[in-house]
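Report on the structure given below.
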Amino acid sequence: MQRWKLTVEYDGRPFVGWQRQDNGPSVQQSLEEAVLRLSGETVRVHGSGRTDAGVHALGQVCHFDLEKSFTGLKLRDALNFHLKPAPIAVVEVEPALEGFHARLTSTGRSYVYRIVNRRAPLALDAGRAWHVSKPLNAEAMHEAAQVLVGAHDFTSFRASLCQAKSPLKTLDRLDVERVGDEIRVHAAARSFLHHQVRNMVGTLELVGTGKWTAADLRRALDARDRAKAGPTAPPDGLYFVSARY
């Protein structure tokens, strides 16, 4: 039995999320069915982090165990063949080190959120970025974002259906930068609460438009009340970038 480590990218729009569910296709299900078709084996694919419906991935890490013998290159190419036409690409495949588990041994995860900040509507990036037509001050957003860096109770940025045992998380990075018409919010932590990144971005958008200040963001954090923070940003702009081990 060989454990394989995969790095996967996908367009999240056709899926109900990473996790297999009864209400529609998922990324996990697509990968498991591709493995079944190529090997005849029923496996469980474990991801480093769950992504919601419509959320994308540039470097999702996952693993599964397989009895049939393959080389990494052949397994990668065979998986990509059997994944068609789903918008999923297995970018890398390698034998996992002993004790490796995509979720349990991960020491950190990073995301990027893309906002296209211009008057014109999106043509190429529709469904792959959040379109905000009002001018945003990226510098003010970055300054306010530093309020959230560190160890905090993130109840104000936690979805009501979040299953995490505790709202306490340590945010290692929350940087905001402008690249032309695009604003990118980079977030990194050991783990995140459900909708935490999207709720932080939705709140930072209020800062960017001038409706809120960094002090308002601090009050929202300290309130430990979801109703005191900003709205949830749409899934379109969120990308799982990488997992650290």
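The values are calculated or read from the model by the stated rules, or taken from the named source; none is laboratory data. Because the structure is a prediction, the values reported are computed rather than measured. Cβ sites come from the backbone with ideal geometry, for glycine too, and all protein chains shown count toward neighbours. Side chains are part of the model used for accessible areas, which takes the heavy atoms of the whole protein and leaves out ligands, DNA and RNA. Shrake-Rupley method; radii C 1.70, N 1.55, O 1.52, S 1.80 Å.
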I'd like the trypsin sites (Lys or Arg not before Pro) in the range 100-154 restricted to DSSP loop residues with at most 12 other Cβ atoms within 10 Å, sorted by number.
ARG119
Along each of the three principal axes of the Cα atoms of the range 23-153, give the extent in whole Å, ordering the values from largest to smallest.
54, 38, 30
Anisotropy class of the range 66-108 from Cα gyration tensor, a/c 1.5 cut:
oblate
At a 1.4 Å probe radius, which order do THR105, THR42 fall into by accessible area, largest first?
THR42, THR105
Quick check: net charge around GLY108, other residues with Cβ under 9 Å of its Cβ, Lys/Arg +1 and Asp/Glu -1?
+2
In the neighborhood of ASN199, defined by Cβ-to-Cβ distances under 9 Å, what is the net charge if each Lys or Arg adds +1 and each Asp or Glu adds -1?
+3
Considering the chain as a Gaussian network with a 10 Å cut-off on Cα pairs, which listed residue, VAL27, VAL147, VAL201, attains the greatest mean-square fluctuation?
VAL147
Looking at the range 205-245, which trypsin sites (Lys or Arg not before Pro) are in a loop (DSSP not H, G, I, E or B) and have at most 13 other Cβ atoms within 10 Å?
LYS211
Compute the distance from the alpha-carbon center of the range 9-80 to that of the range 201-215, in whole Å.
37
Expected 222 nm ellipticity per residue - DSSP helices of 4 or more, -39500 (n - 2.57), all of the chain, to 500
-7000 deg cm²/dmol
Cα-based reach from LYS74 at 17 Å (exclusive), listing lysines while leaving out same-chain residues under 8 positions away:
LYS5, LYS84
The chain - charge dipole about Cα centre, Lys and Arg +1 at Cβ, Asp and Glu -1, debye rounded to 20
400
Restricting to aspartates and glutamates and to Cα separations under 13 Å from LYS68, and discarding same-chain partners fewer than 8 apart, the set is GLU41
Starting from the range 1-34, pick out the trypsin sites (Lys or Arg not before Pro) whose DSSP state is loop and whose Cβ has at most 15 other Cβ atoms within 10 Å.
none
Straight-line reach check, LYS165, cutoff 22 Å on alpha carbons, 8 or more apart in-chain or any other chain, hits among lysines -> LYS228
Just by accessible area at a 1.4 angstrom probe, what is the order of GLU143, GLU98, GLU32 from largest to smallest?
GLU98, GLU143, GLU32
Probe 1.4 Å, heavy atoms of protein chains only: per residue, the accessible area of the range 149-245 in Å² is 47
